[in-house]
Amino acid sequence: MTERLMVVNINSVRGDHLERYEYAQRICSGDVLDAACGCGYGSFIIAQRSTVNNIDAVDISKEAIDLAKDTWSNPKINHIQQSIIDFEFKKQYDWLVSFETIEHVPNIELFLTKASNYCKNIICSVPNESVIPFDKNLFPYHLRHYKSQEIKQLLEDCGFSINTIKYQKNKEKNGLNFNSGRSIILEGISKNI
């Protein structure tokens, strides 16, 4: 059993996942780091934006990166099989994109603090503890869920200044809002660059 979404067709992507990457596509430009990119459909979506120069799409799974290279390739995308915790930054990025990742990674603070020294902007999402409370039996691959103030504080403690918090209501593609929903989406800028 795995929580990883392995798709070869954009129509197979769940609506809320697709919507997050479409939103990122509208705001990202320059060089992008897609941290925990999975099978790569999100990096592929972002690469369609003309103002995006390059995407380093990183994931720990060899299977996911192989699928990304085979199915979701684009000349702008460099697929890298590596843990984000072990990722060695060799350049600065204009954007860090990391959707539904933070809740999976032990010691995520190490990566986020390092990233705040190399990534000018961040957009990320996590499950909303206030709407879908963490239960290890229901979410065996998660370490925890976050309330909006908790994830905002974590990101700020790691070197990002959060300027926007939005929510997704459910698993469907039905817009981002500023009230409440099952996923919290945060945008911000690095305080270190």
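The values are calculated or read from the model by the stated rules, or taken from the named source; none is laboratory data. Owing to the predicted nature of the structure, the values given are computational and were not obtained by experimental measurement. Please note: Cβ atoms are built from the backbone with ideal geometry, for glycine as well, and neighbour counts cover all protein chains shown. Calculation scope for accessible area: heavy atoms of the full protein, side chains included, ligands and nucleic acids excluded. Shrake-Rupley method; radii C 1.70, N 1.55, O 1.52, S 1.80 Å.
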**Study point:** Answer from Lys91, Lys69 - the residue that is open to solvent by 30 Å² or more (accessible area, probe 1.4 Å), assigned to a loop (DSSP other than H, G, I, E, B) and of a type in the set (D, E, K, R)
**Key:** Lys91
Exercise for review: Restrict the check to the range 181-189 and report whether at least one residue is at pLDDT 95 or above, open to solvent by less than 20 Å² (accessible area, probe 1.4 Å), in contact with a Gly (Cβ under 8 Å, 6 or more places away or on another chain) and not basic (Lys, Arg).
Suggested key: no
Check your understanding: For the range 56-79, how many residues are touching a helix residue (DSSP H, G or I) at 6+ places or on another chain (Cβ under 7 Å) and under 20 Å from His104 (Cα atoms)?
Key -> 2
Review point. Which one is most open to solvent (accessible area, probe 1.4 Å) among residues in the range 17-31 that are more than 23 Å from Tyr167 (Cβ to Cβ) and not in a loop (DSSP other than H, G, I, E, B)?
Key: Asp31
Practice item. Return the residue satisfying two criteria in turn: it lies in the range 147-167 and is in a helix (DSSP H, G or I) and closer than 11 Å to Leu112 by Cβ, and of such residues it is most open to solvent (accessible area, probe 1.4 Å). Key: Asp157
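Considering only the range 118-138, how many residues are free of Cβ contacts under 8 Å to residues at least 40 places away in the same chain and either closer than 25 Å to Phe87 by Cβ or among the basic types (Lys, Arg) (or both)?
1
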**Study point:** Only listed residue being in a helix (DSSP H, G or I), open to solvent by 10 Å² or more (accessible area, probe 1.4 Å) and farther than 16 Å from Glu100 by Cα, chosen from Asn53, Asn11
**Key:** Asn11
